[in-house]
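Accompanying notes for the structure given below.
Just so it is clear, none of the values below were taken in a lab; they were calculated from the coordinates. No experiment lies behind these values; they were computed from the predicted model shown. Cβ: placed from backbone, ideal geometry, glycine included. Neighbour counts: every protein chain shown.
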Amino acid sequence: MNHAPKTSGGLVIGSSGPVPGVALHRARYDASGMVTIERSMPLVEPSYAAFDERHGMLHAVLEEDTGRVASIPLYLDAQVAEASSGGALPCHLAVHPDAPYVFVANYGDGVLSVLPTGEDGRITASEPVQAIGHESGSHAHMAAISPDGRFVLCTDLGADAVHVYAFDPSTGRLTAHGTTRVPDGRGPRHLAFHPSGRHAYLVNELSCTLIVCAWDVESGRLEPGAELPTRGDAASPVANFSAAVRVAPDGRHVYSTDRGDDTIAVHAVLDGGAALEPVEIVSCGGDWPRDIALTSDGRLLFCANQRSHTVTSFRREPESGRLTPAAAPLNVPAPSSLLPL
């Protein structure tokens, strides 16, 4: 059976780090997995980007002590609009699919903020409509929207927690709904929902593990379950920090990265999303894999290797989920996030 990729598409690459050439890049990939940059927009530390499909607008966090968020048209060919992120060192953001709001996780001070957007999709206010602080020592690492758009989840690496907020689309405001605690020292970083909308997978930066969580759609409750290692050798003396987690579009496999080991872990999804089983661990082909992304057909996976300044590509075998290197790596300064279009 021929499992060769059949599509091509766009890829937005964010970059951050004290190196020349840091920018937001619009790239193109072909069916072989070859990635080429089409246009770049110089920005200060654009570490993570999200796309507003309704308006063709990109939003990127600018990861500085005095945080900002930039709005840029998709083709990076028009003026940038900037606004305060409401906190320090913003590292992640999410665009609501139906309401004119962007949610920003500020790592430096643990603040989750809500920014309004206008009719053209650009951020319209210089300050957030809401900025929610958390307990002392919090480090908000991700803002994630529930599949039905009713809730916003915020992973808190410093508090070993995931905060859940109910979202009111008429006002853009969030109301505390619940907090899910994980064991001390885990450092929850990112989560990804299964396509069923009833399970999510939480990657823990400090313990280098994945936690399988049940998500109650009706009540908006996140319940942690089984915890699995992402490393081949959990006792390895190599300093290691887990980073990204993604679910294949077909819902059959979960992929996560480890910085230090410089690997990608593959887990098979069982029981409709309720369980995971290890498949393999492969080299990321670079150094410090901060993010990964899968194409919409699930046949290609890209990896942003921040310290080796490369984006590597892999073919994904749909049945087994296994990865094999594809085209030659793309050289790009300090890639930190990947967003397929």
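Summary table
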| item | result |
| --- | --- |
| Residue satisfying all of: in the stretch 79-119; part of a loop (DSSP other than H, G, I, E, B) and of a type in the set (A, V, I, L, M); surrounded by the most Cβ atoms within 10 Å (Cβ to Cβ) among these | 111 |
| Residue that is surrounded by the fewest Cβ atoms within 10 Å (Cβ to Cβ), among those in the stretch 204-261 that are within 22 Å of residue 161 (Cβ to Cβ) and aromatic (Phe, Trp, Tyr) | 241 |
| Lone unmet requirement of (1) within 18 Å of the chain's Cα centre (by Cα); (2) acidic (Asp, Glu); (3) in a loop (DSSP other than H, G, I, E, B) for residue 319 | (1) |
| Count of residues meeting criterion [of a type in the set (A, V, I, L, M, F, W, C), touching an Asp or Glu at 6+ places or on another chain (Cβ under 9 Å) and part of a strand (DSSP E or B)] in the stretch 223-255 | 4 |
| Subset tally (residues that are surrounded by 15 or more Cβ atoms within 10 Å (Cβ to Cβ) and farther than 25 Å from residue 244 by Cβ) for the stretch 167-177 | 3 |
| Looking only at the stretch 271-296, and only at residues there that are touching a Lys or Arg at 6+ places or on another chain (Cβ under 7 Å) and of a type outside the set (Val, Ile, Thr), the one that is surrounded by the most Cβ atoms within 10 Å (Cβ to Cβ) | 289 |
| Extreme residue, surrounded by the fewest Cβ atoms within 10 Å (Cβ to Cβ), among residues of the stretch 58-72 that are out of contact with any Cys (no Cβ under 8 Å at 6 or more places or on another chain) and over 15 Å from residue 124 (Cα atoms) | 65 |
| Residue satisfying condition, being part of a loop (DSSP other than H, G, I, E, B) and within 27 Å of residue 214 (Cα to Cα), within set 296, 308 | 296 |
| Evaluation of residue 328 against (1) part of a strand (DSSP E or B); (2) in contact (Cβ under 8 Å) with a residue 60 or more places away in the chain; (3) among the hydrophobic types (A, V, I, L, M, F, W, C); (4) touching a Ser or Thr at 6+ places or on another chain (Cβ under 9 Å) (one fails), failing number | (1) |
| Number of the condition not met by residue 77 [criteria: (1) in contact (Cβ under 8 Å) with a residue 40 or more places away in the chain; (2) under 29 Å from residue 37 (Cα atoms); (3) out of contact with any His (no Cβ under 8 Å at 6 or more places or on another chain)] | (1) |
| Of all residues in the stretch 104-132 being within 17 Å of residue 54 (Cα to Cα) and small (Gly, Ala, Ser), the one that is nearest to the chain's Cα centre (by Cα) | 121 |
| Residue check, residue 27 assigned to a strand (DSSP E or B) and out of contact with any Lys or Arg (no Cβ under 9 Å at 6 or more places or on another chain) | no |
| Index of the failed condition, residue 76 passing every other in (1) among the aliphatic types (A, V, I, L, M); (2) surrounded by fewer than 17 Cβ atoms within 10 Å (Cβ to Cβ); (3) not in a strand (DSSP E or B) | (2) |
| Of all residues making up the stretch 186-216, the number that are basic (Lys, Arg) and not in a strand (DSSP E or B) | 2 |
| The stretch 331-341: number of residues that are farther than 13 Å from residue 289 by Cβ and in a strand (DSSP E or B) | 3 |
| Residues located in the stretch 4-23, provided they are farther than 27 Å from residue 315 by Cβ and either in contact with a His (Cβ under 9 Å, 6 or more places away or on another chain) or touching a residue at least 40 places away in the same chain (Cβ under 8 Å) (or both) | 16, 17, 19, 20, 21, 22, 23 |
